[in-house]
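The values are calculated or read from the model by the stated rules, or taken from the named source; none is laboratory data. What you are looking at is a predicted structure, and each value in this text was computed from that prediction instead of being measured. Here the Cβ positions follow ideal geometry from the backbone for every residue, glycine too, while neighbour counts run over all protein chains shown.
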């Protein structure tokens, strides 16, 4: 898995450098204060890529030196991410670096951020799935959610952008067919119109539902090990359940009170964890 991650990181970093060269003002106009100059940022990206490649090469012969270079790559990519807008390739690069360091929580969190921006990237999905398989805490979804995911598998496997564009195409075809009404006397054409209408409604509803869920819910990832989920927003509350949670577990944020988060796990159970034990996606 190491070699594919290295290859994809290089591609993502080069796309990020291209974005900086093409649109320096668009990239840095949102940065607060006085961020590093444009050429410095390009140099940071290139250096982070070089640190990553060197770190991967040293992991076998000199693990400590390799880890040091990978940490330097993380620092470089985080500097660029911190001063720029949301960029899928940069989050992807950062996730790759964290994955090589064994920081599953941070890797999954950054892959999830990249997924929201470049959902159709196949290698991103492969790396995200691989990182999920490495988690010590594997929490299966509830039975009802599993049933829904089985019945509507296409809704979860086809990216939102593809479904949305598909709905637009089917919508145009549907009304185009209705405009040629004299031809609709043929049974075959009528059946096509009916199927187009069903496809339009199905894809449209699917896109609207996911858009609503994404806009109304906040996802997060646990980035600490041996996390105790408690019954309330304080260390004085008893644990909600006996099992500890390990880094990489994904959740939905229900509410936040001071330094505590109330979360919902994939199996539907809820509880409170400290805010510093998680990253919000």
Subset tally (residues that are surrounded by fewer than 12 Cβ atoms within 10 Å (Cβ to Cβ) and without any contact (Cβ under 8 Å) to a residue 12 or more places away in the chain) for segment 205-234: 4
Subset of segment 223-272 [closer than 15 Å to residue 109 by Cβ and either out of contact with any strand residue (DSSP E or B) (no Cβ under 9 Å at 6 or more places or on another chain) or assigned to a strand (DSSP E or B) (or both)]: 227, 245, 250, 251, 252, 253, 261, 263
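Table: residues versus (1) closer than 16 Å to residue 251 by Cα; (2) at pLDDT 85 or above; (3) buried (at least 18 other Cβ atoms within 10 Å of the Cβ); (4) over 18 Å from the mean Cα position of the chain (by Cα).
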residue	(1), (2), (3), (4)
107	yes, yes, yes, no
122	no, yes, no, no
145	yes, no, no, yes
150	no, no, no, yes
156	no, no, no, no
160	no, no, no, no
164	no, no, no, yes
Number of the condition not met by residue 226 [criteria: (1) modelled with pLDDT under 85; (2) on the phi > 0 side of the Ramachandran plot]: (1)
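Yes/no per residue for (1) under 24 Å from the mean Cα position of the chain (by Cα); (2) buried (at least 17 other Cβ atoms within 10 Å of the Cβ):
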| position | (1), (2) |
| --- | --- |
| 52 | yes, yes |
| 57 | no, no |
| 62 | no, no |
| 69 | no, yes |
| 72 | yes, yes |
| 75 | yes, no |
| 79 | yes, yes |
| 83 | yes, yes |
| 86 | yes, no |
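Give the number of residues within segment 43-75 that are closer than 22 Å to residue 116 by Cα and modelled with pLDDT of 90 or more.
Initially, segment 43-75 is screened for residues closer than 22 Å to residue 116 by Cα, giving 45, 74.
Retained after the next criterion (residues that are modelled with pLDDT of 90 or more): 74.
Of the residues in segment 43-75, 1 are closer than 22 Å to residue 116 by Cα and modelled with pLDDT of 90 or more.
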Segment 77-94 residues that are assigned by TED's automatic domain parsing to the domain that holds residue 108 and over 19 Å from residue 124 (Cα atoms), paired with ones that are part of a helix (DSSP H, G or I) and at pLDDT 90 or above (beta carbon under 8 Å, 6 or more apart): 80/48
